[in-house]
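Only the coordinates and a few stated rules stand behind these numbers; no lab work does. Note that the structure is a prediction, hence the values are computed from the model and not measured. Ideal geometry is used to build each Cβ from the backbone, glycine not excepted, and the neighbour counts take in all protein chains shown.
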Amino acid sequence: MSAFSQHPEAEHIVVHISDTHLLAGNAKLFGSIDSEGPLALLLERLVASGLPVDALVFTGDLADRGEEDAYVRLRSLVEPWAKKLGAQVLWVMGNHDDREPFSSVLMGAPATTAPQDAVYWAGGLRIIVLDSSVPGFHHGELTKDQLAWLASELDTPANKGTLLALHHPPIPTPIRVDGADRAGESSCPGRGDSRNGCPGNSCRTPALLYVFDLCRSANFCRGCSVLQH
Ligand SMILES: [Fe+2]
């Protein structure tokens, strides 16, 4: 009997991790939260799973204060596990990150304040990393130049499709942020900020907090808090 409800076996496995918020010297986040230990445990369990992971995608707020040592620590923590997995590591900028140490430490490039956009391939699957950070601010934006670059990249077909990886949600949310209608820090509950309805430090990513019902209407994204379920 056929299993009609089963999807075909995955051709690619991409692991999405976000908001690691590491601090220099392995300092505790908010004075009490261990940012490195749980991440190491996660990666250890991932390796133990034996899953054929193509890529680890870290979507921003990698360092809580953009400190160079935090990026050094993150890279040294993640890369050995990624090597065991045989997985690429994709770093994405978030509003807590700083482009100069991000580019020099994580990307192994000359330090720059330029947007850290990049394209990666895992077989026929393309993953495009977009830097939605706005230096000095917490909200997110993509400039016209970035969007033009993205359009030109998408002109090249990817036979297994394309994933876009960015820190700030690119679609509207029903959560108001500082009166602004742009992608904002409300989309980043990692701050544990009461403005975004996050009760505190237990919240890390919008994927853990909100459910978006994309079928509600053509132009409105209806969300609700997972915490209410
Ligand atoms: Fe953020």
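From the convex hull of the Cα coordinates of the stretch 10-52, what is the mean projected area in square nanometres?
Details: hull surface 14.7 nm².
Its average projected convex-hull area is 3.7 nm².
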Between Lys28 and Ala114, with labels modelled 7 Å along Cα→Cβ, what's the label distance in nm to one decimal, could you check? 4.2
Using Cα positions and a limit of under 23 Å, work out the lysines in reach of Lys83, with same-chain residues fewer than 8 apart set aside. none
Enumerate the residues in the stretch 141-170 having an amide nitrogen under 17 Å from the point lying 7 Å beyond the Cα of Leu42 toward its Cβ. 165-169
Counting other C-beta atoms within 10 Å, which of Phe30, Phe102 has the fewest, and how do the rest follow? Phe30, Phe102
Could you list Thr156, Thr20 so that the one with the fewest beta carbons within 10 Å of its beta carbon is first and the one with the most is last? Thr156, Thr20
Between Phe137 and Ser76, what is the label-to-label distance in nm when each label sits 7 Å out along the Cα-to-Cβ direction? 3.6
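Using 0.36 nm per residue, how much length does the chain from Leu147 to Ile171 gain when fully extended, once their Cα-Cα distance is taken away?
This chain segment gains 7.2 nm when fully extended.
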Could you order peptides 135-142, 86-93, 58-65, 106-113 by the average number of other Cβ atoms within 10 Å of their residues, highest first? 58-65, 86-93, 135-142, 106-113
Longest to shortest principal axis, alpha-carbon extents of the stretch 61-166, angstrom: 38, 37, 23
Sequence order, the stretch 25-39: Karplus ³J(HN,Hα) from phi using 6.51 cos²θ - 1.76 cosθ + 1.60, θ = phi - 60°, Hz rounded, Gly and Pro as x, gives x, 6, 5, 6, 5, 6, x, 9, 9, 7, 8, 8, x, x, 5
